[in-house]
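Note sheet for the following structure.
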Amino acid sequence: MSDRVVVAGAVCDRGRLLAARRSAPPELAGRWELPGGKVEPGELPEEALVRELREELGVEARPVERIPGAWPLKPGLVLQVWTAALVSGTPRPLEDHDELRWLGPDEIHTVDWLDQDRPAVAEAAGRLRAH
Ligand code: DCM
C-alpha cells in the first residue's frame, strides 16, 4: 500500500515565507512548520492544501509548484510540499498553531523548524531569494 500523504504549503507573499508554530501534540508543540495536513481519500494533494490552508489560517491560497522530494514522517506517512501564493485574506492561527510569522530570506533560520520540514524550507527560501 502506498503511503498516506501530508501536504504542506510554502506560502509566499511579498518575498517572505510563512512559518507556523505548532500548538500540539506535546512532542511537536513550539516547533515551526509549513502549514498543512493529511490528504483525505479522494482528494488531490493540491485540493487538500487549499482546504488545509483555509481551515488552519482562514486564507485562500493557490498551489504554485511542488518542491521535489518526499520526506518520511512516521511509518506510512510522508510529507510533500508545494509552494503557494496567497490569493486573499490575512493568515491567522485558527487551528493547530499559536503563532505565525512572515520570514524574509535572511530570517529563515530564526525559528526552530521541524526537522522533516527543513529541506523544503531551505528550497523555498532559495526560491524567495531568486525572485
Ligand atoms: N507534519 C509535519 N510537517 C508539516 C505538517 C505536518 O511534519 N509541515 C506532520 C505532523 C503530524 C502529521 O504531519 O505528525 C499530520 O499533521 P497534522 O497534525 O497537522 O494533521
> Under a 1.4 Å probe, what is the accessible area of the chain per residue, stated in Å²?
Replying inline: 53
> Using a 1.4 Å probe on the protein chains only, how many percent of the accessible area of the chain belongs to carbon and sulfur?
Replying inline: 51
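Any idea what diffusion coefficient region 75-131 gets from Stokes-Einstein, in µm²/s, Kirkwood Rh on alpha carbon pairs, 20 °C, 1.002 mPa s? Don't skip to the answer; put the middle values down first.
Values: Rh = 13.4 Å.
In µm²/s, the coefficient is 160.
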> Could you give the length gained on full extension between residue 66 and residue 54, defined as 0.36 nm per residue of separation minus the Cα-Cα distance, in nm?
Replying inline: 2.4 nm
> Under a GNM of the chain (C-alpha, springs under 10 Å), which listed residue has the highest mean-square fluctuation: 53, 18, 73?
Replying inline: 73
>> Residues of region 1-28 with the amide nitrogen closer than 14 Å to a label point 7 Å from the Cα of residue 85, along Cα-to-Cβ, please.
In response: 11-16
>> What percent of all Cα-Cα pairs in the chain falls into each 5 Å bin, going from 0 up to the bin containing the maximum distance?
In response: 2, 12, 22, 26, 23, 11, 3, 1, 0
> What do you get when you divide the Cα radius of gyration of region 18-82 by 2.2 N^0.38 Å, with N the number of residues?
Replying inline: 1.14
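The values are calculated or read from the model by the stated rules, or taken from the named source; none is laboratory data. Note that the structure is predicted; figures quoted are calculated from it, not measured. Please note: Cβ atoms are built from the backbone with ideal geometry, for glycine as well, and neighbour counts cover all protein chains shown. All accessible areas refer to the heavy atoms of the entire protein, side chains included, with ligands and DNA or RNA removed. Shrake-Rupley method; radii C 1.70, N 1.55, O 1.52, S 1.80 Å.
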